[in-house]
Amino acid sequence: MWFGGSEAAYAIGDVLFGDVNPGGKLTMTFPKNVGQIPLFYNHKNTGRPLQAGKWFEKFRSNYLDVDNDALYPFGYGLSYTTFQYSDIALSTPSMEQNGSITAVVTVTNTGKRDGSEVVQLYIRDLVGSITRPVRELKGFEKIFLRAGESKTVSFKITPELLRFYDYDLNHVAEPGEFDLFIGGSSQAAKTARITLK
């Protein structure tokens, strides 16, 4: 706990004794080993890891003594309950430069305790004029769910969310395909593909 303040001891006690269900998320990535540093969620594509099964092991790009994944990824958090995400539903798979797409996901508290979850939206530009990160956090919403309850969360994707600075420092949204990821951390597994025309 960073900068817990004068009430930190009481807050920690409430969490440890189960009076409060924790719902915070990490603002950084924790590596498994110092050899992984620097390790952050919005890194550029390195080709690591190469998909297993397509090449001999000696041609794979990975660490010999540790996994490529982080110990605790960006956006990770603990809770006394569990959450399940539905597949992403899109209002439309493509949009014009002045349009928008709504991405909707249903989150269900599958545990026995009430709890809060931070639903996170990440976007990846598949092909850009400059190298783009593998994922960028573009939106989030914190929701509270009672045990067994479900809620629908929607994100409005506009060309503004897809913009980046090109070589000439113009803030542009280039036409092409983008992957959306929605989940509880930067390792979100629910995906959908959209196209900007």
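Observations on the model:
- Failed item, numbered, when residue 153 is tested on (1) in contact with an Asp or Glu (Cβ under 8 Å, 6 or more places away or on another chain); (2) modelled with pLDDT under 95; (3) of a type outside the set (Asp, Glu): (2)
- If you filter region 22-46 down to residues that are of a type in the set (S, T, N, Q) and under 19 Å from residue 133 (Cα atoms), you find that the one that is nearest to the chain's Cα centre (by Cα) is 42.
- Only a single criterion out of (1) modelled with pLDDT of 95 or more; (2) in a loop (DSSP other than H, G, I, E, B); (3) closer than 25 Å to residue 73 by Cβ is not satisfied by residue 127, namely (1).
Residue-by-condition table, conditions (1) over 30 Å from residue 80 (Cβ atoms); (2) surrounded by 14 or more Cβ atoms within 10 Å (Cβ to Cβ):
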{"position": "109", "(1), (2)": "no, yes"}
{"position": "128", "(1), (2)": "yes, yes"}
{"position": "139", "(1), (2)": "no, yes"}
{"position": "155", "(1), (2)": "no, yes"}
{"position": "170", "(1), (2)": "yes, no"}
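- Region 6-24 residues that are in contact (Cβ under 8 Å) with a residue 12 or more places away in the chain, paired with ones that are in a loop (DSSP other than H, G, I, E, B) and among the polar types (S, T, N, Q) (beta carbon under 7 Å, 6 or more apart): 21/79; 21/81; 22/79; 23/79
- Taken together, the criteria place residue 160 among residues that are within 23 Å of residue 96 (Cβ to Cβ) and of a type in the set (D, E, K, R).
- So residue 151, is it in a loop (DSSP other than H, G, I, E, B), among the charged types (D, E, K, R) and either touching a residue at least 12 places away in the same chain (Cβ under 8 Å) or over 26 Å from residue 43 (Cα atoms) (or both): no
- The condition of being acidic (Asp, Glu) and within 18 Å of residue 193 (Cα to Cα) holds for only one of 125, 168, that being 125.
The values are calculated or read from the model by the stated rules, or taken from the named source; none is laboratory data. Not measured: the values here are computed from a predicted model. Positions of Cβ are generated from backbone atoms using ideal geometry, with glycine treated the same way; all protein chains shown enter the neighbour counts.
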